[in-house]
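Contents: one structure, followed by commentary.
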Amino acid sequence: MKKGRELFVGSYRSLHQTPISPIQFQQTMSHSDPSNRYSYTPILNWNPQVHHYFLKAYGADHFSRISTALTRPSRYSCIRVNTLRSTGDAVIDKLRSLVPNADVPPAQSDSGDDVANPLKECSAAAAAPISKCEIPGLDYVVFVWGSGPRRIDYGDAPPKEVIVSRKCAEAVLRGAQVYVPGVMACSAHVEKGDTVAVSVAVEKQGADGGWGIAMTRGTVLQGSETDPYYFERNGLYIGQGTAILSRAGMFRVSEGVGVDMKDRVYELHSFHNVLEGEIFLQNLPSIIAAHALDPQKGERILDMCAAPGGKTTAIAILMKDEGEIIATDRSHNKVLDIQKLAAEMGLSCIKTFKLDALKSVCRRDDIDTFTDPCCNNAKIDVTNQVLDSPNLQVERVSPLVTEDKGKKPNGGAYVSKADIRKNMRRARNGPGRNQCVGGRVDRSKGFSPDSFDRVLLDAPCSALGLRPRLFAGEETIQSLRNHAKYQRRMFDQAVQLVRPGGIIVYSTCTINPGENEALVRYALDKYKYLSLAPQHPRIGGPGLVGSCEFPDGYIEEWLRPGEEDLVQRFDPSSPLDTIGFFIAKFLVGSKDT
């Protein structure tokens, strides 16, 4: 497919040949060339049907490049500066004193696959690894460039080893240390101060069809071919470091650093607890999504699935903290995360609520009861109070309600049996985890139709664009379809909430066309008053045009010719070196037509 512009109508049925298992391929390569053992050459293990589907969407060569790119982190960190507190130049000056070797140009990749990134000017590459984004309007974005993949010298003798979990390894590839909860196995006789090679245990499918790792935490590694786990870690070495604890210590304590990584396959900088309130580490496409919304001062904006608050705070800063942003999430603790980030950045225009995105629109009886367009009153058994902080809401539970169904306690509203049972469970089991993490949030019953100028729906998705990713086998065609159904229901809510003349921005962090282009097709076909709007800035590629037929006869429609350049698709295998991401912007016309 040439830049997504050719009309493609593919039949999923035509793909009948099962590809070689990635594990078989990896082991075959390792047996034939022993030097590949201590390398980082992971291969994503996809569900076969999902693999076939993506082959039809992208073509074999393109999807192979995407799969390879997903196993690697971006070679740079993208930092968004809080322009209400600092500037890009000021942050760069501070980072130069905080980032090791800030004046040394990043090393070239040992694999020889360096591709010129259009975000990085030649002059910047020759000067330092810290540079300002040159895209118009994004001068407050700073790039800190890393390097990789690098070939690690593990020495002639087989080294002592540590195997970490897949999630731990993905964090290490992004610049983190190895923390003890992530350590799965270790060579015998590892002592504090020993140099250890670090590899990763990736989930594999068992005979029952489930996925898991073939070892228990605390497994002893033998370091020879008789070790049952010897070949499983071929090509999955992410670097080496110094053991901070002995083997016994790693499996005895519950927290802390287990291995201090000294030599990594990818050298990226960690920004944990660095310049808090001044900067926020955020993927570039996410920043672009906030710009696509084009928020204006004084507007009322809804961020429907806002946690952890990166896009919410980006929107608030673009509005100069003038206006009203309603940030919602269904998780109590995630709402607390949004509050914390907003307070950290000194933003006062953000109001947070606990709310399921599928219930974002007020019911008619709620609209009649409450005149405020934000129907944020909680149920009868909850009293809400707001503390001095504009972002901190308090939720308190009233004494146990024991009235029978249909009665109105103290002359109040009707109390259902469900509410009575809920209060009885609270009395019996305690307040529960959501009320025990040190903060309170306000609930919402939803919002009135046509009550927002703009809505951002960064929808929960399959997240198949996030990188580095070492495992993708759990997603099936059915699970991908379920994600898409869920997203359509949320989009239906968003459409009702935006006033005529308003804007909806829909985004995901997945490469799945069923959650991206297919959602756009659904939206344009169902709501005739919606139209795709141009996005600025535009640095992503075009969307996919055409459709795909599945074995059960279902036809998934994507974009039509002429629509592909009105969306932004960020390809993880492109020279931009971003995560996989998708953005569509809709203009809401008159709803009377």
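The values are calculated or read from the model by the stated rules, or taken from the named source; none is laboratory data. Being a predicted model, the structure only gives us computed values, none of them experimental. Ideal geometry is used to build each Cβ from the backbone, glycine not excepted, and the neighbour counts take in all protein chains shown. These accessible areas exclude ligands, DNA and RNA; they are computed on the full protein's heavy atoms, side chains included. Shrake-Rupley method; radii C 1.70, N 1.55, O 1.52, S 1.80 Å.
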Subject >> Relative contact order (%) - region 323-367, alpha-carbon pairs under 8 angstrom, separation at least six >> reply: 50
**OP:** Tell me which residues come under 5 Å, amide H to amide H, from residue 531 once H is placed; ignore anything under 5 positions away on its chain.
**Re:** 587, 589
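Sorted by accessible area with a 1.4 angstrom probe, largest first, how do 167, 120 fall?
On the way: 167 145, 120 55 Å².
Output order, biggest surface exposure first: 167, 120.
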Original post:
Once you charge only the Cβ atoms, +1 for Lys and Arg and -1 for Asp and Glu, what is the size of the charge dipole of region 161-264 about its Cα centre, to the nearest 20 debye?
Top reply: 260
Original post:
How many angstrom separate the Cα center of region 178-255 from the Cα center of region 44-101?
Top reply: 27
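Sort 67, 590 by accessible area with a 1.4 Å probe, largest first.
Details: 67 20, 590 55 Å².
Of 67, 590, the descending order of accessible area is 590, 67.
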Original post:
³J(HN,Hα) across region 246-259 via Karplus (A = 6.51, B = -1.76, C = 1.60, θ = phi - 60°), whole Hz, x for Gly/Pro?
Top reply: 6, 3, 4, x, 4, 9, 9, 8, 10, 8, x, 7, x, 9
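Over region 161-264, what is the percentage of antiparallel beta bridges among all DSSP beta bridges, to the nearest 5?
Numbers: 17 of 25 bridges.
Just about 70 percent of them are antiparallel.
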Original post:
Tell me, what is the 1.4 Å probe accessible area of residue 232, in Å² to the nearest 10?
Top reply: 50
**OP:** Would you mind pulling out the separation of the Cα centroids of region 160-177 and region 545-577, in Å?
**Re:** 34
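Would you mind getting me the FRET efficiency between residue 89 and residue 204? Use the beta-carbon distance for r and R0 = 35 Å, nearest 0.05.
Working: r = 49 Å, r/R0 = 1.40.
The calculated FRET efficiency here is 0.10.
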**OP:** Taking amide H positions as placed in the peptide plane 1.01 Å from N, state which residues far from residue 221 in sequence (5 or more) or on other chains have amide H under 5 Å from it.
**Re:** 186, 187, 188
Original post:
So, with a 1.4 angstrom probe, what is the percent of accessible area on region 161-264 that is carbon and sulfur?
Top reply: 50
**OP:** Compute, for residue 231, the solvent-accessible surface of its heavy atoms (probe 1.4 Å) with the complete set of protein chains present, and express it in square angstrom to the nearest 10.
**Re:** 50
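For Cα pairs less than 8 Å apart in space and 6+ apart in sequence, what is the mean separation divided by the residue count of region 440-593, i.e. the relative contact order in percent? List each step's numbers first, then the result.
On the way: 285 pairs, mean separation 43.1, N = 154.
About 28 percent, as a whole number.
Can you give the FRET efficiency for residue 65 and residue 525, using 1/(1 + (r/R0)^6), R0 = 30 Å, r = Cβ-Cβ distance, to the nearest 0.05? Intermediate values should be presented prior to the final figure.
Working: r = 32 Å, r/R0 = 1.06.
Using R0 = 30 Å, I get an efficiency of 0.40.
Could you do me a favour and compute the accessible area per residue for region 161-264, 1.4 Å probe, result in Å²? The partial results should precede the final answer.
Details: 4400 Å² over 104 residues.
Accessible area per residue: 42 Å².
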**OP:** Please list, in chain and number order, the residues 5+ apart from residue 151 or on another chain whose amide H is under 5 Å from its amide H, with Hs placed from the backbone.
**Re:** 110
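With contacts defined as alpha carbon pairs under 8 Å and 6 or more residues apart, what's the relative contact order of region 161-264 in percent? Mind showing how you got there, number by number?
Numbers: 208 pairs, mean separation 37.5, N = 104.
Over region 161-264, the number comes to 36 percent.
Tell me, in nm to one decimal, what length is gained between residue 478 and residue 220 on full extension, where the rule is 0.36 nm per residue of separation less the Cα-Cα distance?
Details: separation 258, 0.36 × 258 = 92.88 nm, distance 3.84 nm.
Gain in length upon complete extension: 89.0 nm.
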Subject >> Point-to-point label distance, residue 297-residue 320, nm (Cα→Cβ direction, 7 Å offset) >> reply: 0.3
**OP:** Tabulate in residue order the Karplus-calculated ³J(HN,Hα) for region 320-334, using 6.51 cos²θ - 1.76 cosθ + 1.60 with θ = phi - 60°, rounded to whole Hz; enter x for Gly and Pro.
**Re:** 6, 6, 10, x, 9, 10, 9, 10, 10, 7, 7, 9, 4, 5, 5
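What ranking of 440, 85 comes out by heavy-atom accessible area, probe 1.4 Å, highest first? Each step should come with its number before you reach the end.
Values: 440 85, 85 125 Å².
These residues rank, largest area first, as 85, 440.
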